[in-house]
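Just so it is clear, none of the values below were taken in a lab; they were calculated from the coordinates. Because the structure is predicted, anything quoted here is derived from the model rather than measured. Because the Cβ atoms are built from the backbone with ideal geometry, glycine has one as well, and the counts that use them run over all protein chains shown.
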Amino acid sequence: MIKKAVIPAAGLGTRLLPTTKELPKEMMPIFYKRRGETILKPTLQIIFEELYDAGIREFCFIVGRGKRAIEDHFTPDYNFLEHLRKKGKEVVAEDIEEFYEKIDNSVLVFVNQPQPRGFGDAVLKAKAFVGNEPFIVHAGDAIIFSENNEHLKKIINVFYHKKAEAVFLLKEVEDPRIYGVIEPGEEEEDVIEVRRIVEKPEKPPSNLAVVPIYAFDPVILKALEKTGPGKRGEIELTDAIQKIIEWNFKVYAIKPPKGQIWLDIGTPQNYWKALQISYSL
């Protein structure tokens, strides 16, 4: 069973300035329902809790300059709970108390990415944390809402069942040129063999875009070490996945079931959509 997760959260969030000058984009809140009450919860907290509920107990957050708010939020403050209860904020206090219990039952590591050299470079910073074990990579600014965390369970199950070196989620999109995109191979129900993967292609091989939630064998770290900067000047995780495909390792992707919702808060327009969708859930 996979027990480790790497959560890159070092992006500058330039498309959400000036808000992200002081508040990391991964800490921007979306709506969340609890006991019939609507509360605002940081995106990264939701991701952590979903991973925890899927069995993950060791977490490596890749952070950068100006991300101190993340470490502060993941440091329990039980005095604050008492303050909330005195103010009659019982639902929020209950939610935060459960969050703190999950933190206390986990190992949390914060690793610094001094310069924004790309998503792949952020994952590579977790090399010492990962060691020789399989692990999850979950972008810190993307959320999948599925019943009982089925998307995470599915990734892990396919990873072991197929004896794969990489498994990730997909989404059918209208304009795949702004995403990582796969060239599909053989398909078995909702699981697709990945023949090729390319980042932001001018001529996409399909409309199947990568959702940035993955299960990896540690061989991906060796591939990242041999991967140079791409056309954007960054080390792309997709380029490293393509490398392990060329090394004849097994890579699979999963089509999402109908009704599964992918929320990405990386742009003002997407954040607005995330607020609208999360409020209506």
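Taking the Cβ-Cβ separation of residue 219 and residue 78 as r and a Förster radius of 35 Å, what is the calculated FRET efficiency to the nearest 0.05?
0.25
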Looks like the range 1-134, by Cα gyration tensor root eigenvalues a ≥ b ≥ c and the a/c under 1.5 rounded cutoff (else prolate when a/b is bigger than b/c, oblate otherwise), is oblate
In order over the range 200-206: 3J(HN,Hα) from phi, Karplus 6.51/-1.76/1.60, θ = phi - 60°, whole Hz, x for each Gly or Pro, gives 6, x, 5, 10, x, x, 6
Percent relative contact order for the range 135-281, counting Cα pairs under 8 Å at least six residues apart, stands at 32 percent
Summing -39500 (n - 2.57) over every DSSP H run of at least 4 residues in the chain and dividing by its residue count gives a helix-only mean residue ellipticity at 222 nm, to the nearest 500 deg cm²/dmol, of -9500 deg cm²/dmol
Distance in Å, no decimals, from the C-alpha centre of the range 229-281 to the one of the range 54-90 is 26 Å
Lys and Arg at +1, Asp and Glu at -1: neighbours of residue 9 with Cβ under 10 Å from its Cβ sum to 0
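What Kirkwood radius, in Å to one decimal, follows from the Cα pairs of the chain?
Details: mean 1/r = 0.0517 Å⁻¹.
In the chain this quantity evaluates to 19.4 Å.
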For the chain the mean separation of alpha carbon contacts under 8 Å (6+ apart) over residue count, i.e. relative contact order in percent, is 23 percent
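I want to check a number: in the range 41-102, how many lysine pairs have alpha carbons closer than 19 Å, given a sequence separation of 8 or more or different chains?
Within the range 41-102, the lysine pair count is 4.
Among bridges DSSP assigns within the chain, what percent are antiparallel (round to 5)?
Of the beta bridges lying entirely in the chain, close to 65 percent run antiparallel.
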Karplus-derived 3J(HN,Hα) from phi for the range 181-192 (6.51 cos²θ - 1.76 cosθ + 1.60, θ = phi - 60°), whole Hz, x at Gly and Pro, runs 10, 9, 9, x, x, 5, 10, 10, 6, 9, 9, 10
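By how many nm would the segment from residue 3 to residue 190 lengthen if fully extended, with 0.36 nm per residue of separation less the alpha-carbon distance?
On the way: separation 187, 0.36 × 187 = 67.32 nm, distance 2.47 nm.
Contour length minus Cα-Cα distance gives 64.8 nm.
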Relative contact order as a percentage, the range 28-134, C-alpha pairs under 8 Å and 6+ apart, gives 33 percent
Rounded to one decimal in nm, the spacing of the 7 Å Cα→Cβ label points at residue 12 and residue 250 is 4.1 nm
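With a ≥ b ≥ c taken as the square roots of the eigenvalues of the C-alpha gyration tensor of the range 36-85, please select rounded if a/c is under 1.5 and otherwise prolate if a/b is larger than b/c or oblate if it is not?
Numbers: a/c = 1.71, a/b = 1.20, b/c = 1.42.
Note, shape of the range 36-85 comes out oblate.
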Counting only residues 5 or more apart in sequence or on a different chain, those whose built amide H sits under 5 Å from that of residue 211 are 169, 170, 171
With x for Gly and Pro, the residue-by-residue ³J(HN,Hα) of the range 128-142, computed from phi through the Karplus equation 6.51 cos²θ - 1.76 cosθ + 1.60 at θ = phi - 60° and given in whole Hz, is 5, 5, 5, x, 10, 10, x, 7, 9, 10, 9, 4, x, 10, 9
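Tell me the net charge near residue 57. Cut-off is 14 Å between Cβ atoms, residue 57 excluded, with +1 for each Lys or Arg and -1 for each Asp or Glu.
Summing Lys/Arg as +1 and Asp/Glu as -1 gives -4.
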So, for the Cα atoms of the range 51-128, Rg and Dmax in Å stand at 15.4, 45
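Which chymotrypsin sites (Phe, Trp or Tyr not before Pro) in the range 177-256 pass both tests, a DSSP loop state and at most 15 other beta-carbon atoms within 10 Å?
Sparse-neighbourhood loop chymotrypsin sites (Phe, Trp or Tyr not before Pro): 247.
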Computed from the beta carbon distance with a Förster radius of 22 Å, FRET efficiency for residue 272 and residue 68 to the nearest 0.05 stands at 0.25
